[in-house]
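Trainee: For reference, the structure I am asking about is given below.
The values are calculated or read from the model by the stated rules, or taken from the named source; none is laboratory data. The model shown is predicted, which means the values in this text are computed figures rather than measured ones. Note that each Cβ is placed from the backbone with ideal geometry, even for glycine, and that neighbours are counted across all protein chains shown.
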Amino acid sequence: MVICPFCKIKTNFLYRVDGFKKPLEIYQCPSCKLQMQDITNPDGFYTKDYFEGTAEYSYFDERKYFRYCEFVWKARLKTIKKFKPPPARFLDVGCSFGGFVKTALKEGYDAEGIDISPYVVEECQKDEEIKNRIFCSDLLHYTPNKKYDIITMIEVIEHLPEPNRILKKLYDLLNPSGLLIIQTANFDGLQAKMQKNHYHYYLPGHLFYYSKKNLTAFLKQAGFKEFIYFHGVDFGLLPKWKKMSGFIPPIYFYRYLRVGFYHLLSKITWGDFALTSSFVLYAFK
Ligand SMILES: [Zn+2]
């Protein structure tokens, strides 16, 4: 039986997602509409193979493309600066090889990162710029000696079990009027609704699937007061294209066009309606 961690009620079976070694079973809460997998213990996903991009379900090794990823990190920091300029205290949760932390440091932030993987944290210690700024911890057990002004969770929240405790912990880790940034998919978007069990965000490590509406409600319950929404992402199209240029040769120009097209579609919204499901939420304490 899969219980909604927020409503504490039994969820209903929604989809079976094929295409993995073990098919995924997706359940949905009848009250808050939160979707979730029936996985009680996610440990074991975040191995060396995951981070180097060789596991069945994996991350890509951003270190090889730092120069290109930096375009996106810088663009995002430009937006963050409008709300919280440097030298604010900054924490990237699920920081992986620490690229975003490194860029934030260069931009003048007092930046740190945490990751659950001993492998990536060890790798970070080899990098002089971020050495001693990246800690191996899961979020719930992380106890820094000072609070933060900005916490970022870029494509991380969907991986974390016990989301109700996670959101309260994030609130506690922030200074008054602190800013929490969450990037995840919005399952109220038409893209997710229409593609159903074929939607690409259904992945083995993704335990919870939020919507703009229920994520806002959960954050309010945790104490957050003000919200700003970015449909698509919180930066423009150009940095995305510049990042792509690091691994996609110009001959595949149609892929650039496709990204541009999706970027435009993501801007088509009306109240809670959104055409695509990419989504970034800024929540203020
Ligand atoms: Zn619920």
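Trainee: Within the stretch 1-119, which strands (runs of 3 or more DSSP E) (wholly inside it) include 1 or more residues that are modelled with pLDDT of 85 or more and surrounded by fewer than 16 Cβ atoms within 10 Å (Cβ to Cβ)?
Mentor: So the answer is 12-17, 24-28.
Trainee: Kindly provide the set of residues from the stretch 213-246 that are outside any strand (DSSP E or B), at pLDDT below 95 and out of contact with any Lys or Arg (no Cβ under 9 Å at 6 or more places or on another chain), ordered by number.
Mentor: Passing the criteria: Gly236, Leu237, Leu238, Lys240, Trp241, Lys242, Lys243, Ser245.
Trainee: Name every residue in the stretch 22-33 that is free of Cβ contacts under 8 Å to residues at least 60 places away in the same chain and more than 10 Å from the ligand (Cβ to nearest atom), in order of residue number.
Mentor: Within the stretch 22-33, Pro23, Glu25, Tyr27 meet the criteria.
Trainee: Do you know which of the residues in the stretch 120-140 that are of a type in the set (A, V, I, L, M) and not in a helix (DSSP H, G or I) is farthest from Phe71 (Cα to Cα)?
Mentor: The selected residue is Ile134.
Trainee: Of the conditions (1) more than 13 Å from the ligand (Cβ to nearest atom); (2) polar (S, T, N, Q); (3) exposed (fewer than 15 other Cβ atoms within 10 Å of the Cβ), Gln221 clears all except one; give me its number.
Mentor: Single failed check for Gln221: (1).
Trainee: So Gly271 passes all but one of these: (1) modelled with pLDDT under 85; (2) of a type in the set (Gly, Ala, Ser); (3) surrounded by 14 or more Cβ atoms within 10 Å (Cβ to Cβ). Which condition number does it fail?
Mentor: Here Gly271 meets the rest and fails (3).
Trainee: Name the residues in the stretch 178-211 that are in contact with a strand residue (DSSP E or B) (Cβ under 6 Å, 6 or more places away or on another chain) and within 16 Å of the ligand (Cβ to nearest atom), would you?
Mentor: Scanning the stretch 178-211 gives Phe187, Leu207, Phe208, Tyr209, Tyr210.
Trainee: Which numbered condition trips up Ser177, out of (1) exposed (fewer than 15 other Cβ atoms within 10 Å of the Cβ); (2) farther than 19 Å from Leu281 by Cβ?
Mentor: Unmet condition: (2).
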